[in-house]
1. Could you tell me how many degrees, from 0 to 90 and to the nearest 10, lie between the Cα long axis of helix B:132-144 and the main elongation axis, the longest principal axis, of the Cα atoms of chain B?
2. Dividing the convex hull volume of the Cα atoms of the protein assembly as shown by its residue count, what figure in Å³ per residue is obtained?
3. Give me log10 I(q)/I(0) at q = 0.14 Å⁻¹ for chain A, Debye formula, one equal scatterer per alpha-carbon, no solvent.
4. Report, as an integer, the average count of C-beta atoms from other chains found within 10 Å of each Cβ along A:206-215.
5. Just to confirm the number: angle between the C-alpha axis of helix A:140-149 and the first principal axis of chain A, 0 to 90 degrees, nearest 10?
6. Count the net charge of all other residues whose Cβ sits under 9 Å from the Cβ of B:Phe30, scoring Lys and Arg as +1 and Asp and Glu as -1.
7. How would you rank A:Ser122, A:Ser102, going from fewest to most other Cβ atoms within 10 Å of each one's own Cβ?
8. Got the relative contact order for the stretch A:48-156 handy, in percent, Cα pairs under 8 Å and 6 or more residues apart?
Amino acid sequence: MRTVLLITRREFLARVRGRAFIVSTAVILLILVGYSIFIGSIGAGGDSGTTTIAVAPETEAITPALRTAADDQGRIVRVVPVADAAAGRALVAAGDADAALSGSPTRPRVDVETSLGSAAGSVVTVATTFVAQQQLLPDPAAADAAVAAAQPVVVAARPDDPARGLRIGLGAFGAFLLFFSIQTYGAMVAQGVVEEKSSRVVEIVLATVRPWQLLLGKVLGLGAVGLLQLVILSGVGLGVAGTAGLLVAGAGLAGTLVSVLVWYLIGFALYATVYAALGSLVSRQEDTQSVLTPVSIVVLVGFAVGFNLVVSAPQSTALTVMSLIPPWTPLIMPARMALGGVPVWQVVAAFVLTLAFTAGVLALGGRVYARSVLRTGARVSWREALRGR
Amino acid sequence: MLEIDGVSKRYGSIRALQDMTFSVRPGELFGFVGANGAGKTTTMRIVLGVLDADAGEVRLEGRPIDAARRRRIGYMPEERGLYPKMAVGEQLRYLAELHGCSAAEARAATERWTARLGVAERIGEEVQKLSLGNQQRVQLAAALVHEPDVLVLDEPFSGLDPVAVDVMSGVLRERCDAGAPVVFSSHQLELVERLCDRVGIVRDGAMVAQGRVDELRATNGTDGTGATTVVVHAPAAPPGWADAVPGVTASRTEHDRTVVTLAADVDDQTLLRAALATGPVHEFTHRRPSLTELFRETVGDRADAGAA
């Protein structure tokens, strides 16, 4: 065990001290900050357009107040008079209006599709207050009470999870981090294997340690570097999100972080072993890329398709299926779990399938590695690497 | 004692080792010679467990060698290798610790060996920035830094300058005198002859001759017939003069001398009388073959060796 730890320590220190670690961390941070600002600006931009409000006849008294409030707040509000409350709701359902007001002008019912945007909400709230103030009530106390009571009652046809955007953001963020870490550090494992082969130092090392110890130490060491970077990035990411006002309580942040880390460990073990085995087949750094490409493509497809589905169609069957296919599970499942609503059986199935698959890959990859790592010269064929003794 | 007992190894259809057997006693310097591809490196790799043998056994101190015992071996592979981007000192400490030294022992040994091998001032530099000669010295330090009880060195002298050869020879002798079995391979046969207590000659994956250099000489090669070679310089003798002499199995001319092979137990004085009969004899010597010649006879001329 001490042997494995020594190897782990060497790999860890060799990478963390390297310039590549600092540079890549900084680059990812920049991307992350840019991404957060971008998402934040989309959220803020949603309120800047015209808000269309349908008003039923019994609520008609609010119309001038709506215009005044909109002007005061610099918003553009289009008021559409409708025949009754039902007609207003129909407009909202059809997407022709953002909100439909009905009932008392001081306590109007506001029908919306998912939620009343914060800008529109503020316009309606101020308008009800104006209406209440304009009621000529003799008693100042009663007038104050009326003003205090004036408030819209929002009824959403399909109530929205207020944290939904954040959940999608977290899911996409998690998927991106996993993809990045697995790709970067998996490739580093392969490079490390090839470096040892091309510099021939592997023969000295293997004269005193077993191949599985070297492989395990390497995977643990680089996995720890990846984990460190993941923790730094998550921490900074959360800090940025916090200052950008994107954090909403109850979005399951802690759970998401834990699941991203757990899936990272499984996914890294899986891919690092594959990459190490692939790296052991070649003897020159120039050949590394070509031997890694097929697996890189699998990772990339999983990430690209998964990422898009998480953002655009989080409930789709395609995403569900992909998240249950072991090589893709670690890339996609944490994002789905961040979105919420994943049945427990799927999480368990994904976990068990991936663990079983990883165990198989470890056994096979360890074997390929042990057989190939001392073969220098031409690329070792799969047949040679796998053939039984 | 390091024993290699009946070790065989195949690479696909190529037979790399066939029943390789020899042993190296404590305090003995064993030279391992053979043509390229004869199986020296394969043998050493099997001793180190870097390769698995198909058959046979390697024993150290009478017991089959295992991972723990292998840690006590100092190994220098034929293909030199160190981590190119790792500093010399860090690298030596790491290798010492991998071999089971504590951190403190590793540090002390690193300082001692870098000083001894003249690379102490390079201890903080990356290996890839060193000259080739200094890389070789660091490589030797890497084989010695865990104070091994056994040394297995594949071509330790290749690429060394004369000063480094002396340092290396001194270190080998010293480990040997301290009681370690030391085995090394080399193509520099004069060096092997001068340095080694015993020599093993390998051909086609098998040990074809082993023993002290003078023992090997006494048998005049390795055919075991006890034939001797005599060089005669008799300028007046006609070509083929020796062929009719009793006991002569072969004769040939080298420059103006006649090289005569005598069967075992033949009185060489008969040959001398026959030579004197042709005229003056300026030279009449038993050829004491150098290791190089022994090697050529054993390995170089495959047709002869195969027939013998």
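The numbers here are math on the coordinates, done by the rules we state, and not lab data. The structure displayed is predicted, hence computed values, not measured ones. Glycine gets a Cβ as well: all are built from the backbone with ideal geometry, and neighbour counts include every protein chain shown.
1. Roughly 80 degrees, rounded to the nearest 10.
2. Dividing the Cα hull volume of the protein assembly as shown by its residues yields 207 Å³.
3. Calculated log10 I(q)/I(0) at the listed q: -1.13.
4. Values: counts 7, 18, 14, 5, 2, 1, 0, 2, 1, 0.
Per-residue shielding by partner chains comes out at 5.
5. With rounding to tens, the tilt is 30 degrees.
6. Combined, the nearby Lys, Arg, Asp and Glu give 0.
7. Ascending Cβ contact count within 10 Å gives the list A:Ser122, A:Ser102.
8. Numbers: 210 pairs, mean separation 31.4, N = 109.
Once normalised by length, the contact order is 29 percent.
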